[in-house]
1. For labels at Ile218 and Lys50 in the simple 7 Å Cα→Cβ model, what's the distance in nm?
2. Modelled label-to-label distance, Thr464 and Leu439, 7 Å Cα→beta-carbon offset: nm?
3. Please report the relative contact order for region 286-451, taking Cα pairs under 8 Å with a sequence separation of at least 6, and give it as a percent rounded to a whole number.
4. Show me the ranking of peptides 54-62, 440-448, 190-198 by mean Cβ neighbours inside 10 Å, starting with the highest.
5. Give me the Kirkwood hydrodynamic radius of region 347-410 in Å, from all C-alpha pairs, to one decimal place?
6. In region 174-270, how does Rg compare with the Kirkwood Rh, expressed as the Rg/Rh ratio over alpha carbon atoms?
7. Using 0.36 nm per residue of separation minus the Cα-Cα distance, give me the extension gain between Glu270 and His565 in nm, one decimal.
8. Starting from the Cα of Arg524, step 7 Å along the direction of its Cβ; do the same at Glu256; then give the gap between the two resulting points in nm.
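Each reported figure results from applying straightforward, stated rules to the coordinates on display, with no laboratory input. This one's a predicted model, so the numbers in the text were calculated from it and none came from an experiment. A quick note on method: Cβ atoms are made from the backbone with ideal geometry, for glycine too, and the neighbour counts reach across all protein chains shown.
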Amino acid sequence: MRVRGFGLAILVVLGFSGCNTIKDQQRALAKELTPTLEAAPEPYARKLPKLRIRAYVDEYYRAEQVDYGARIRRQVEEASELTAALGVALEVESIEEWPHSSGGAKLTELVAALEGRDVGENVDFVVGFTSTLPAFTNDLHDLGMARPWSKHFVLRGMNSMVEYDNLGVMLDALSTDERERVYRRRLAHKEVAVFLHEWGHALGALHERDVESIMNPIYSADARSFSAGGVELIRIGLEHRTHRDRWLAASLGYLESVGPGPWIKVELEEAKSLMKAGQVMAATQAMDEATVDRVRRAWNKLSEEDFAGARELIAPIPESLADPPILGIRCRIGTKLDTKAEATLRSCEGFAEADSRNWVAAYGMVELLDRLGERGRAVKYLREAQRRIEATPGADPEPWLAVASAYTHFAALSLAESAASRHALDPRFDEVLKKVAELRKSWRVPKDLEAVGLTAETESEYLTILGVGMGAIERKDFEGVQQVIAELQEKFPGAPGFHVLSCRAAYERKQLDSAFSLCTKAARAHPEAFDPPYFLGMIEVARGFPAMAAGPLERALALDPSHEHTRSVLEWVYRQTRQKAKLAKLRRAGQE
């Protein structure tokens, strides 16, 4: 039985029948509190060469650890006992002093400093060791950090006086030597588990949900091994680590073939996106070494959301060098920092075209064009993103959800429905369909698009123009309304839009005779449209003829029974005309 947590461990151990004295009970507890690591679940027969580690220790780590060299070698040796199941042995090539100006900086800055210090020539990994945090933590983001799919990671010291003092209280009947043995084993377990966690990240392993997994984002004394999924990602990394493009492609292919697996869903999808973006780095083979280094460091800056730093790195590279990774970097930087620049649009267009299989590259153009107000072009790129998703066998729901939501944003309602139907059993898509239904109702979108000369592809443009016209009416910009009416009549003569706007604009201008004529024409041309009969009824009310208003208002309410204003006006009409039976029926219908 595995016992999690000190308190529960005490309760269980004190109940053991064989523990007669306090000392016996505490020794049993000490045994329970001493963690162990296990081999990975499936050993791989293929033997790989020993992986050499070059360690760097900064002044803070050296000041805290008396015999830091022996400690690091022991840490690597114990980690190697577990990695042997993958056909891998780890060894320390050298331990060197690491002067840096980062002080007690963030781990992201320390990783960058380590990369700048040593690119890792002639070794497999470069590992930096730095100071212990002043406060106790089990959050692995605070204890270590790796650059994914790389050679570099940084680890903090692990001494914890809080844990040492807690053990002193819990095991006070034991000798100092016995207590210290337990503490040293717990400390060693934590050091090795964190080492393996960051080593796993460097080789492409992702965070997992299981508390017994080394790849859980929170350290636990229950951490025992890599999961089968983690082992497979590490194995892929070991096999392809000298060929980054193959590495990313193989990792992505594996993740897309196995489904959700043991990983944390949000981080899994983010990792997939990074893998897709990172695959374009294969194109850097045609660049000189200095440019390749700049591009790689710029990608790393982007992963840290340091867009200004990435721009500084990429700036010296001439614009004539239009390789996909450079275009991708310039696109991301521009989208965040300089949306309206012509160079940003060129870079994003080039990236989308150069990486013809990556849906994310096309989707990036959607976001940029939306910010620029070019909704028509944005929808075209959105359809291209969908085509790329369709070309990916077994695509996860998340890309489809992004596309369906974006279609809804652009009022491409039929396309949104079609995309959402790809994963009908996923409740997240229900929200998309609900939103589509609400928009259809509020915008009075015809059910049969073809009957009014629309298609799924032109629906977005039609509704966008119609929305501009509605906005102009609300602002009392009637000159602008007339321009929209003319555009709708030219582009979509069979749709109800220009008729409805003409009717409504005349009513809002209180030109009742003109409004009556225009709304009558609209009602005849589009008997399924709600607005014409509604405004015909309101015109008769404004003229002081409630009896004449009843018919069109009844028609409007039949088209939209949930329209409360129509219902309330019709109630007033029935009262004014003393139609008690109709009034009672209307009220009963409203209560049902």
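1. Those two pseudo-labels are separated by 3.9 nm.
2. Result: 1.2 nm between the two label points.
3. Details: 166 pairs, mean separation 18.5, N = 166.
Averaging sequence separation for qualifying contacts and normalising by length gives 11 percent for region 286-451.
4. In decreasing order of mean packing, 54-62, 440-448, 190-198 become 190-198, 54-62, 440-448.
5. Numbers: mean 1/r = 0.0865 Å⁻¹.
It works out to 11.6 Å.
6. Numbers: Rg = 16.1 Å, Rh = 14.5 Å.
That ratio equals 1.11.
7. On the way: separation 295, 0.36 × 295 = 106.20 nm, distance 4.68 nm.
Between Glu270 and His565, full extension yields an extra 101.5 nm.
8. Distance between label points: 5.7 nm.
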